[in-house]
Amino acid sequence: MMSYPNEAMSLVALQYSQEQIKIQREQVRSRLLRDAPYARQPNFTTIAAPDLLLLFRLYDQVFFAGRLAPLVIEKSGKPLQFRVSRAMTSAGGKTIWSKRNGKTTGFEIAISSSLLLNSFREGDRPIHVSGQPCIDRVDALMRVMEHEIVHLLEMLTFGNSSCSQTRFMTIANRLFGHTHPRHGLVTARENAHRKHSIRVGQRVSFTFQGKEFTGIVNRISLRATVLVPDKSGIRYSDGKRYIKFLMPLARLRPIAEAPVE
Ligand SMILES: [Zn+2]
């Protein structure tokens, strides 16, 4: 019980050479592909929480000698939780720290399946995650998990974490060779543009319950939010009133507009 936070501090201070990182990653990868319940192919088409649990355990064994998982239990009273999220359409992963009355009640790592499954399709552009080129979905998943592990380590050690800070990048670089805090996975926005030629701000028309509407795309996630001007709608920041529609991208027809001179 007395090992926190010095135990966490010693994990944060770990440093691996490029060669060690390569060898250790290969161990994680080959065991994941051998034992994962769903994510068993380099470009898997299904992924679930048990895959994330296994992946985390492999990282813990190979990079931290199994010392990371016990720290989470020590700090929060329960094991790290995992979640695969289809609704996360711009972040590749998230590490969530829940607290109640100032007391830590748990840690969770969520990974976006939509981003991973939208990336590495045939004819896709090259994908970089954390500043490194990725060859397939397993590779990208591993980079995202590494990024979230650094968030977790920072939370356990310092009680806060931010990947836009130098401290985060120093740790991520020493442990995993990361050079950049961002992922370049195909987001819902990019996918909407490439597959449906739809962007935020785009004028579109669509049919809803047999009626024809014209509006402006306001937001893109798994579906698009379209604002249609209407006197009975809600007033928006531009002073006009709109009715909001949540539409599947495939049902929107982009309206070509003449360039504004
Ligand atoms: Zn981050």
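The values are calculated or read from the model by the stated rules, or taken from the named source; none is laboratory data. Please read these numbers as outputs of a predicted model, since none were measured by experiment. Here the Cβ is made from the backbone with ideal geometry for all residues, glycine too, and neighbour counts use every protein chain on show. Note: areas computed on protein heavy atoms with side chains; ligands, DNA, RNA excluded. Shrake-Rupley method; radii C 1.70, N 1.55, O 1.52, S 1.80 Å.
Among the residues making up the stretch 157-169, those that are buried (at least 18 other Cβ atoms within 10 Å of the Cβ) and within 15 Å of the ligand (Cβ to nearest atom) are Ser161, Cys163, Phe168, Met169.
I need a count of the residues in the stretch 121-145 that are within 11 Å of the ligand (Cβ to nearest atom) and within 18 Å of Leu53 (Cβ to Cβ). Residues meeting the conditions: 1. Restricting to the stretch 203-261, name every residue that is part of a helix (DSSP H, G or I), open to solvent by 50 Å² or more (accessible area, probe 1.4 Å) and under 15 Å from Arg189 (Cα atoms). Scanning the stretch 203-261 gives a single hit, Ala250. Picking from residues in the stretch 95-107 that are within 16 Å of the ligand (Cβ to nearest atom) and buried (at least 17 other Cβ atoms within 10 Å of the Cβ), the one that is nearest to the chain's Cα centre (by Cα) is Thr95. Evaluate the following for Glu154: is it among the acidic types (Asp, Glu) and away from the ligand (no atom under 16 Å from the Cβ)? Judged against the criteria, Glu154 is not a match.
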